[in-house]
Every structure is written in structure tokens, then in C-alpha cells.
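Structure first, then comments.
The values are calculated or read from the model by the stated rules, or taken from the named source; none is laboratory data. The model shown is predicted, which means the values in this text are computed figures rather than measured ones. Virtual Cβ from ideal backbone geometry, glycine too; neighbours counted across all protein chains shown.
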Amino acid sequence: MKNLKRVLAVLLAMVMVFGLAACGGSSKKSGSVYWLNFKPELDETAQELAKMYTEKTGVAVKVVTAASGTYSQTLTSEMDKSAAPTMFVIGNQAGVKQWKDYALDLKGTAIANELNTDAYNLYDETGKLVSIGYCYECYGIIVNPDLIEKAGHSMDEITNFAGLKKVAEDIHKNASKLGFDAFSSSDMDGSSSWRFTGHMANLEYFYEERDAGGWSECPATLTGAYMDNFKNLYDLCINNSCTEPTALANGGHDAENEFKTGKAAFFVNGSWEYAAVSETVPNATMIPYYCGVAGEEKAGLNCGTENCWAVNAKASEADQQATIDFMVWLVSDPEAAGKMVGELGVIPYKSAPASQNGFLADAEKYTANGCYVMDWATNYQPNVDDYRAALVSALNKYNADQSAANWAEVKTAFVDGWAVQYQKANQ
């Protein structure tokens, strides 16, 4: 009997211990999420989604959005903190090289299994899946067809650089009479310069890449074979615009608003602008970077992404799991995925709703008509911040005085600067 009492006492003690663990007596902690967001235009939606998820699951989600053009610096600063981001962006091969040791291998994870394509994923040299694309985008020249017609032209005229030049210069010449100009402002401040030093620069890189049969890694040098084509389009933009070239250096001109309010017929930007500009220009469309390259009548839009999620390999297992669970919810929950698609245009995941973005539809039409896609060769830019800063400096000098000597400095920053930054990045 005494032995039975002892056994019962031991069993009761064990039940109490396990009961305490089940009721929260365990020291094991649930994970949390810290999302360092790359896209300023996604901030409001990201904050809303974080709140929704916390209310639904009880998991804490913090969202911090880096200011435009400052993501690299912000990421470096935040990763030095004890509570570092668990979810961040590695968007190009330079980023892979810099941050691969901080990236969890996402192969076989629940979020990777939600993808419907591998096209936008980034791997390191060992085959580790460093980051996965969370949206697909396109960029080119956004056009207001109504203003083109009001100026006495039609979209059918714009199938190459000669057609674009003819229409743009005619609009600019008659701007005072028409009440609008050809291009919106091409500011060189941090909030705008990336449209030219990153995006428009891609036309030069893309055609070099195509001539080389494709790039699988960052080339050590550029030839500059298509610098004249870059100059064609850049000159057209700055010299047929709402703002004089000499006033572009310091920024302060709202190019998006100029387009939305009918002050400009052309706006150099991407698919992420669709929601904003379609409010007032519902039939806005997007055309390629026509620049005078032979055969460009079959050019399509610049399509790809630099928006790729990584999970912090140095975070706790609980935080890693919480982050992956949150990512899966973002792309598979009907309401959450709907908000993501509504803001980003399209996300490459199996359960996501179809895109309603008209500019992405334009990209698909070009492809369906047999046009070539201009992939994002710009993602190979070495030491991207320093490289682009040098380009901005040279372009500002050229904008102030469009001399041959100053254009030579632009070419030097563009071509020789690539080689210099490549060497710095590969020391």
C-alpha cells in the first residue's frame, strides 16, 4: 500500500510538472518577425498586414521601411543590432555576395513551396537558395494616350526611337499652346535618380548582355557599345520636359504628379506606379525604352525584380519559423495575398490572385506579340551605391552644360566606373 502511495505521488508530481509546461510554465518562447521592407510604396500596406497577422495569430510583427535609395545602408545598420531583421531583401548578385552568410537556405521551406516559378530566385555559388522573388515588375515609359491624341498624334506612330522623338519634340515645341509638355521631370536627387542611373541605364547593359550571349555573373568590364543609345533617350527626356535640365540637380519636382495631372504625356517609371497614375489616367499604357537600336520595333518592356525576400540565418529558430509562417500567410491567405497583389501588381505564388495591373498586362502583350523581354541586367551593377553616385555626379554636370566633354565624363563614369567598382567589390 505504501508503495502504491509512493507511485501515485510520483505520478501526481509528474502530472503537475507537465501541466505547468502546458500552461506556459516552459521557458520556450514563440518567435517574432522583423520585416525590413525595401519598397517605400508598400509601407502602408505592409504595416496593415503586420497588424492583421498579429491580431490573427498573436505573433508580433515589426515592419520598418527604409527610405528610398537607402536600403543598403539601413540593412547594414540594422544587422549590427541585437534585434536584427528576420526578413529582409537580397535583390541582386552583389547583394548575394555581401549577405549570403546571413541568409537561410530557403530550399524546401514552406515559403519556397508556395512559388509558381523559380525565375526570380537568387542562388549563391554553392546552390543555396539565398532569396526568393516576392513580386514581378516591369519598367519603361508610361504614356497618356489622350494627350498624344490631343497633340495631333497617335500611339501607332511610336514604334521606335524615331517615332518617339518626332512625337515628343513636337509636343515640347507646342507645349505652351497645348498646356502640357512631353516628359515629366527627370530629377537627379535620391528620390528620382535611380530611374535613370538604374533603370534607364539597363538599356545599355541589356544590349551588351545580349551581344555576349547572356551574363551569368557580373562582367569585369563594359564596352560602352550602346552609350549613344542611352544618350539618345536621356537627351530626349531632359530636353523635352516640364523642367529645364539645369534645374534637375536638387530635385523638388513631382514627376508622378505632373503626369497624373496632365502636365506631361510621358513618365519614365515602372509597373508599381499603376495604382497611382490610373486613378486619373485610367488608360495609361507603357512603352519600351526606344533608343535607336536596330530592330527595336520588336523590343518589349524591362521585366524582372530586385525584390527578393531572405530570412536571417543568424536569427533564432523560433524567429526563423515565425518569419516563414508569416511569409506563407502573406502569399496564400486570400485577403493578405489580395492586398499584396493590389499594391505590387503580381506576386509569383500559386495561391495568389491574378494581377489587375495594366502595365504588367502591357508587358505580357509585348511578349505575346513576339517582342523580346529586356531583362534586368542592371541588377549586376557592382558596388551599386558608389557606382550610381558617380553617375549622378557626371549627369548633373552634363545637365548643366551639354557639351561633348561633359558627355565624355558621363561615359567614363558609366563604363570605366563599372570596372573600378568591380575591382573594389572583388578585391
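Among the residues of region 122-180, the ones that are within 30 Å of Met87 (Cβ to Cβ), touching a Pro at 6+ places or on another chain (Cβ under 9 Å) and outside any strand (DSSP E or B) come to 3 in all. Looking only at residues of region 343-364 that are under 23 Å from Val59 (Cβ atoms) and of a type outside the set (D, E, K, R), we find that the one that is modelled with the lowest pLDDT is Leu344.
Of everything in region 277-300 that is among the aliphatic types (A, V, I, L, M), touching a residue at least 24 places away in the same chain (Cβ under 8 Å) and not in a strand (DSSP E or B), the residue that is surrounded by the most Cβ atoms within 10 Å (Cβ to Cβ) is Ala284. Here is the figure for region 252-276: residues that are surrounded by fewer than 19 Cβ atoms within 10 Å (Cβ to Cβ) and among the hydrophobic types (A, V, I, L, M, F, W, C) total 2. Only a single criterion out of (1) out of contact with any strand residue (DSSP E or B) (no Cβ under 8 Å at 6 or more places or on another chain); (2) over 29 Å from Gly338 (Cα atoms); (3) assigned to a loop (DSSP other than H, G, I, E, B) is not satisfied by Ala110, namely (2).
For region 345-356, the set of residues classified as assigned by TED's automatic domain parsing to the domain that holds Asp118 and within 14 Å of Ser278 (Cα to Cα) consists of Gly345 only. Under the condition of being crowded, with 21+ Cβ neighbours inside 10 Å and outside any loop (DSSP other than H, G, I, E, B), the residues counted in region 208-231 number 1.
Considering every residue within region 355-364, establish whether at least one is exposed (fewer than 15 other Cβ atoms within 10 Å of the Cβ) and out of contact with any Phe, Trp or Tyr (no Cβ under 9 Å at 6 or more places or on another chain). No, region 355-364 contains no residue that is exposed (fewer than 15 other Cβ atoms within 10 Å of the Cβ) and out of contact with any Phe, Trp or Tyr (no Cβ under 9 Å at 6 or more places or on another chain).
Quick check on region 391-401: of everything there that is surrounded by 14 or more Cβ atoms within 10 Å (Cβ to Cβ) and either polar (S, T, N, Q) or out of contact with any Gly (no Cβ under 9 Å at 6 or more places or on another chain) (or both), which residue is farthest from Ile238 (Cα to Cα)? Per the criteria, the residue is Ser393. The sole residue among Ala361, Ala408 that is of a type in the set (A, V, I, L, M, F, W, C) and more than 24 Å from the chain's Cα centre (by Cα) is Ala408.
Return yes when Ala400 is assigned by TED's automatic domain parsing to the domain that holds Ser191 and over 26 Å from Gly213 (Cα atoms) and no when it is not.
yes
Just one of the numbered conditions (1) loosely packed, with under 15 Cβ neighbours inside 10 Å; (2) on the phi < 0 side of the Ramachandran plot; (3) not assigned by TED's automatic domain parsing to the domain that holds Tyr380 is not true of Tyr123: (1). Considering (1) in contact with a Ser or Thr (Cβ under 8 Å, 6 or more places away or on another chain); (2) closer than 21 Å to Glu306 by Cα, the lone condition that Asn116 does not fulfil carries the number (1). The set of residues from region 73-94 being in contact (Cβ under 8 Å) with a residue 40 or more places away in the chain and buried (at least 19 other Cβ atoms within 10 Å of the Cβ) comprises Pro85, Thr86, Met87, Phe88, Val89, Ile90, Gly91, Asn92, Gln93, Ala94. For Thr243, the requirement of being at pLDDT 95 or above and part of a loop (DSSP other than H, G, I, E, B) is met.
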